[in-house]
1. I need every pair where a residue in the stretch 245-258 that is of a type in the set (Phe, Trp, Tyr) has its Cβ under 6 Å from the Cβ of a residue that is open to solvent by less than 80 Å² (accessible area, probe 1.4 Å), sequence separation at least 6 or different chains.
2. Considering the stretch 91-104 alone, what residues qualify as being in contact (Cβ under 8 Å) with a residue 60 or more places away in the chain and of a type in the set (Gly, Ala, Ser)?
3. State which residue is nearest to Arg212 (Cα to Cα) when the search covers only the stretch 37-66 and only residues that are open to solvent by less than 30 Å² (accessible area, probe 1.4 Å) and outside any helix (DSSP H, G or I).
4. If I filter the stretch 267-278 for residues that are part of a loop (DSSP other than H, G, I, E, B), at pLDDT below 95, surrounded by fewer than 19 Cβ atoms within 10 Å (Cβ to Cβ) and not polar (S, T, N, Q), do I get at least one hit?
5. I'm checking my understanding of the structure. Among residues of the stretch 74-94 that are polar (S, T, N, Q) and within 18 Å of Ile109 (Cα to Cα), which one is surrounded by the fewest Cβ atoms within 10 Å (Cβ to Cβ)?
6. Return the only residue of Leu204, Leu180, Leu174 being open to solvent by less than 20 Å² (accessible area, probe 1.4 Å) and either over 14 Å from Leu225 (Cα atoms) or out of contact with any His (no Cβ under 9 Å at 6 or more places or on another chain) (or both).
7. Of everything in the stretch 1-19, what is modelled with pLDDT under 95 and crowded, with 17+ Cβ neighbours inside 10 Å? Give them in sequence order.
8. For the stretch 67-98, how many residues meet the condition of being in contact with a Leu (Cβ under 7 Å, 6 or more places away or on another chain) and in a helix (DSSP H, G or I)?
Amino acid sequence: MSHVPSRVLVTGAAGRLGSAVLRVLAAHGASVVGLDRHDPGTVETFFTGSASDVDLVAKAMSGVDAVIHLAALPSPEHGTPEEVFVGNAAATFVVLDQAARAGVTRSVIASSLSITGLPFAPRPAAPDYVPIDEAMPLQAADPYALSKQADEATAAMVARRDGMSVVALRFPKLGSPEFLADYAREYRDEPGAGAHELWSYLDLRDAATACRLGLAAEVTGAHPLYLAAPETLSPYPTEDLLARYLPNVPRRRALSGRTVPIDTSAATELLGFTPEHLYDITPAELGAP
């Protein structure tokens with residue numbers, strides 16, 4: 001039997017993913033408490049401010065039985081190194097620590113493919129192998145990647161200390177079909193532009209569903225999970241892209257067609273998650289690298 005939360009705190013509720021999560025939770029009958037720096041006016045109970053504000057977060061936890069923590073500066077370009085690392089790590093610690101103090105036993109946090117260290121690497125970097133999986137060593141060399149490692153370490157800490165179950169979703173590039181179309185065109189014209197993110201993506205609607213499933217699944221402890229659509233945003237065969245842009249990276253299995261070079265089987269097994277909103281590469285986006 002799955003865990004079904006009745007009242008969920010969503011931090012970062014006014015963001016793109018947060019807004020999608022609010023819609024998914026509402027569709028499944030969950031009562032939602034929102035927290036963000038800006039009130040979108042779509043949630044009856046909303047706390048305006050920072051997810052690192054201990055007193056504010058403690059108030060927002062009243063009556064909550066699950067948490068989806070999305071609030072963060074989303075890249076190293078969104079602030080100084082100190083703001084990105086310290087701000088993100090502090091917010092996650094405060095939210096999970098206050099959740100534990102309030103008796104919350106189930107949380108989902110937004111981690112990122114960037115935890116690998118690849119997307120924002122200051123110097124050229126490559127994965128140890130493909131498809132990448134949760135066992136692959138991380139190569140953080142920027143404050144955002146490091147903040148995600150700290151977030152996942154905090155998740156592991158509250159799991160050990162408090163018995164909280166925490167699912168850390170390592171999201172790739174997220175967006176609506178219109179947003180993703182810009183990258184599909186870029187990857188058609190400049191195939192190498194997507195190499196640092198392994199040409200991966202996930203529709204926001206699927207990302208929101210994964211958040212809900214993370215609350216409902218029968219799991220214990222802390223679980224980092226990679227998520228991605230099953231095919232890349234590139235119109236070209238994955239094997240060709242790897243041969244050209246990541247030629248020295250060992251391949252652990254064949255990647256036919258446009259198969260994304262990320263192993264998402266753990267998310268499928270633990271959450272029962274299967275992406276449904278797949279980007280359709282149009283004839284205009286096809287070509288030859």
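1. That search, which allows pairs on different chains as well, returns Tyr245/Gly192; Tyr245/Ala195.
2. Within the stretch 91-104, Ala91, Ala99, Ala100 qualify.
3. Ala66
4. Within the stretch 267-278 (the criterion being part of a loop (DSSP other than H, G, I, E, B), at pLDDT below 95, surrounded by fewer than 19 Cβ atoms within 10 Å (Cβ to Cβ) and not polar (S, T, N, Q)), the answer is no, since none of the residues qualifies.
5. The selected residue is Ser75.
6. Leu180
7. The one that is modelled with pLDDT under 95 and crowded, with 17+ Cβ neighbours inside 10 Å: Pro5.
8. 5
The values are calculated or read from the model by the stated rules, or taken from the named source; none is laboratory data. Not measured: the values here are computed from a predicted model. Don't worry about glycine lacking a Cβ; one is built from the backbone with ideal geometry, like all the others, and counts go over all protein chains shown. Accessible surface areas use protein heavy atoms only, side chains included; no ligands, DNA or RNA. Shrake-Rupley method; radii C 1.70, N 1.55, O 1.52, S 1.80 Å.
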